[in-house]
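Enquirer: Got a structure here, written out as structure tokens. Questions coming.
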Amino acid sequence: MMVMEMKIGIALSGGVDSAVAAARLIRQGNDVIGYHMIVLEGNPLANAAVDDAKAVADHLGIELKIVDLREEFRRILYYFATSYMSGETPNPCVVCNDSIKFGLLLEQMFSFGAEKIATGHYARLVSLDEKLFLARALDGAKDQSYFLSRIAKHKLHDILFPLGEMTKEEVRQEASGIDLPVHSKKDSQEICFIPDGDYRSFLKSRGIDGKPGSITDENGNLLGRHTGLSGYTVGQRKGLGVSGGERYYVKRLDLERNRLVLARRESLISESLTAKDPNWYIDPGDGFECLCMIRSSMRAVPASVNVLADNRLKVHFPEKVWAVAPGQLAVFYIEDRVVGSAFIEGNSVLESGDDT
């Protein structure tokens, strides 16, 4: 007779990653219960995800609990909308992971008796000097440690990432090998509440349409008109509605003048940034050297972090970085380990053309 090793709650999204993670935990002899969050109302994709989660649970022979977090998720929608109104570029997945998936959902799992909670995220947990760290996944192309870097340090001991040592190809092969009903399901590429990627229409649906205003270059020369600053983000090139020989990018959202400021690419190079609300996995002291990512799609670059007196950070980049966007997350790594993260609030941009 098999002895159950541990009672584990797993977040079953309805996708292939969480399904394989659940299957691996079951094979190890654990007592696994699936949990599926409902966070959206009247969304066809969300309804399909519930059906897929049920199909996975039935196939694996485990119980599935549906957790309704629609009311709580409205905070994420509010954060997303108000960030754009404030001229920032929000990162809703980061905030959701912190407050919803590894916040409210985690609490629900523990209230039902779970000893550990697991997800299908691509990340690892590693020990060093008897301390536990969040770390990059083996599959660098799928690594999600950036998005998980707001999880509080004390929660790491409660979490399992069964896919951390796997590649996406291996996950697909395993799903097919055990005939999971979602083995060929495509990965989600967009924000869950904006599946078509049209965040401007989403903002408009929430009454955020913005006021028309001017589009200028850095010298104040008029280039065109915008329909509302909430429809733009730093570094954006497409959809600017500006014609001419120059290749322009959004450099700044001037909320005071309701003005969109464009510049050439080299003018968006920054040598430093400031950040707030840090989440630490180490004692940062007065500062440290590290690698830093300022958005999920970039490679980590060398950085020097200084901790200021008001719990804010000043981050310097010897190699310079491009398109620092207030509201995004700066994540700090030492080797593969996440040592902290903080939300970007400003940057020091070099003079146009100075990329030395």
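The values are calculated or read from the model by the stated rules, or taken from the named source; none is laboratory data. The structure displayed is predicted, hence computed values, not measured ones. Note that each Cβ is placed from the backbone with ideal geometry, even for glycine, and that neighbours are counted across all protein chains shown.
Enquirer: Quick test for you: out of Ile100, Ile26, pick the one residue that is among the β-branched types (Val, Ile, Thr) and either within 22 Å of the chain's Cα centre (by Cα) or part of a loop (DSSP other than H, G, I, E, B) (or both).
Expert: It is Ile100.
Enquirer: Restricting to segment 228-245, name every residue that is within 23 Å of Gln328 (Cα to Cα) and surrounded by fewer than 16 Cβ atoms within 10 Å (Cβ to Cβ). Steps first, answer last, please.
Expert: At the first step, the residues of segment 228-245 found to be within 23 Å of Gln328 (Cα to Cα) are 228-240.
Answer for segment 228-245, where residues must be within 23 Å of Gln328 (Cα to Cα) and surrounded by fewer than 16 Cβ atoms within 10 Å (Cβ to Cβ): Arg237, Lys238, Gly239.
Per-residue answers, yes or no, for (1) outside the structural domain of Glu115 (by TED's automatic domain parsing); (2) part of a strand (DSSP E or B); (3) of a type outside the set (Gly, Ala, Ser); (4) in contact with a Cys (Cβ under 6 Å, 6 or more places away or on another chain):
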site: Gly14; (1), (2), (3), (4): no, no, no, no
site: Ala19; (1), (2), (3), (4): no, no, no, no
site: Val32; (1), (2), (3), (4): no, yes, yes, no
site: His36; (1), (2), (3), (4): no, yes, yes, no
site: Leu40; (1), (2), (3), (4): no, no, yes, no
site: Val50; (1), (2), (3), (4): no, no, yes, no
site: Ala57; (1), (2), (3), (4): no, no, no, no
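Enquirer: Buried (at least 17 other Cβ atoms within 10 Å of the Cβ) and either over 30 Å from His226 (Cβ atoms) or in contact with a His (Cβ under 6 Å, 6 or more places away or on another chain) (or both), is that true of Pro326? Working first, answer last.
Expert: Working: buried (at least 17 other Cβ atoms within 10 Å of the Cβ): yes; either over 30 Å from His226 (Cβ atoms) or in contact with a His (Cβ under 6 Å, 6 or more places away or on another chain) (or both): no.
Judged against the criteria, Pro326 is not a match.
Enquirer: For segment 163-197, how many residues are surrounded by 12 or more Cβ atoms within 10 Å (Cβ to Cβ) and under 19 Å from the mean Cα position of the chain (by Cα)? Show your work before the answer.
Expert: If we filter segment 163-197 for residues that are surrounded by 12 or more Cβ atoms within 10 Å (Cβ to Cβ), which is where we start, we get 163-168, 170-176, 178, 180-183, 185, 188, 190-195.
Going one step further and asking which of them are under 19 Å from the mean Cα position of the chain (by Cα), we end up with 163-164, 168, 188, 190-195.
Final tally of qualifying residues: 10.
Enquirer: Those residues that are assigned to a loop (DSSP other than H, G, I, E, B) and small (Gly, Ala, Ser), I need them from segment 171-204; list them, please. Steps first, answer last, please.
Expert: Taking segment 171-204 first, the residues assigned to a loop (DSSP other than H, G, I, E, B) are 178-198.
Within segment 171-204, Ser184, Ser188, Gly197 meet the criteria.
Enquirer: Out of (1) of a type in the set (D, E, K, R); (2) closer than 23 Å to Glu170 by Cβ; (3) more than 19 Å from the chain's Cα centre (by Cα), the odd one out for Asp51 is which?
Expert: Of the numbered conditions (1) of a type in the set (D, E, K, R); (2) closer than 23 Å to Glu170 by Cβ; (3) more than 19 Å from the chain's Cα centre (by Cα), the odd one out for Asp51 is (2).
Enquirer: Inspect all residues belonging to segment 205-225 and state whether any of them is within 23 Å of the chain's Cα centre (by Cα), surrounded by 11 or more Cβ atoms within 10 Å (Cβ to Cβ), touching a residue at least 60 places away in the same chain (Cβ under 8 Å) and not in a loop (DSSP other than H, G, I, E, B).
Expert: Within segment 205-225, not a single residue is within 23 Å of the chain's Cα centre (by Cα), surrounded by 11 or more Cβ atoms within 10 Å (Cβ to Cβ), touching a residue at least 60 places away in the same chain (Cβ under 8 Å) and not in a loop (DSSP other than H, G, I, E, B).
Enquirer: Here is a further query. If you scan segment 274-316, which residues turn out to be within 20 Å of the chain's Cα centre (by Cα) and on the phi > 0 side of the Ramachandran plot?
Expert: Once the filter is applied, which keeps residues that are within 20 Å of the chain's Cα centre (by Cα) and on the phi > 0 side of the Ramachandran plot, segment 274-316 yields only Asp277.
Enquirer: Identify all residues within segment 272-290 that are part of a strand (DSSP E or B), surrounded by fewer than 17 Cβ atoms within 10 Å (Cβ to Cβ) and either touching a Ser or Thr at 6+ places or on another chain (Cβ under 7 Å) or not charged (D, E, K, R) (or both); write none if there are none. Steps first, please.
Expert: Kept after step one, since they are part of a strand (DSSP E or B), are these residues of segment 272-290: 272-280, 287-290.
So of that shortlist, the ones also surrounded by fewer than 17 Cβ atoms within 10 Å (Cβ to Cβ) come out as 276-277, 280, 287, 289.
Within segment 272-290, Trp280, Gly287, Glu289 qualify.
Enquirer: Can you find a residue in segment 77-86 that is at pLDDT 95 or above and polar (S, T, N, Q)?
Expert: Kept after step one, since they are at pLDDT 95 or above, are these residues of segment 77-86: none.
Looking through segment 77-86, none of the residues is at pLDDT 95 or above and polar (S, T, N, Q).
Enquirer: Give the residues of segment 143-159 that are buried (at least 18 other Cβ atoms within 10 Å of the Cβ) and either part of a loop (DSSP other than H, G, I, E, B) or at positive phi (or both), sorted by residue number.
Expert: Asp143, Gln144, Ser149, Arg150, Ile151
Enquirer: While we're looking at this one, here's another question. Please determine whether any residue of segment 27-47 is of a type in the set (Ser, Thr, Tyr) and crowded, with 21+ Cβ neighbours inside 10 Å. Talk me through it step by step, then tell me what you get.
Expert: We begin by selecting, within segment 27-47, every residue of a type in the set (Ser, Thr, Tyr); these are 35.
Now narrow it down to the ones that are crowded, with 21+ Cβ neighbours inside 10 Å: 35.
Yes, segment 27-47 contains a residue that is of a type in the set (Ser, Thr, Tyr) and crowded, with 21+ Cβ neighbours inside 10 Å.
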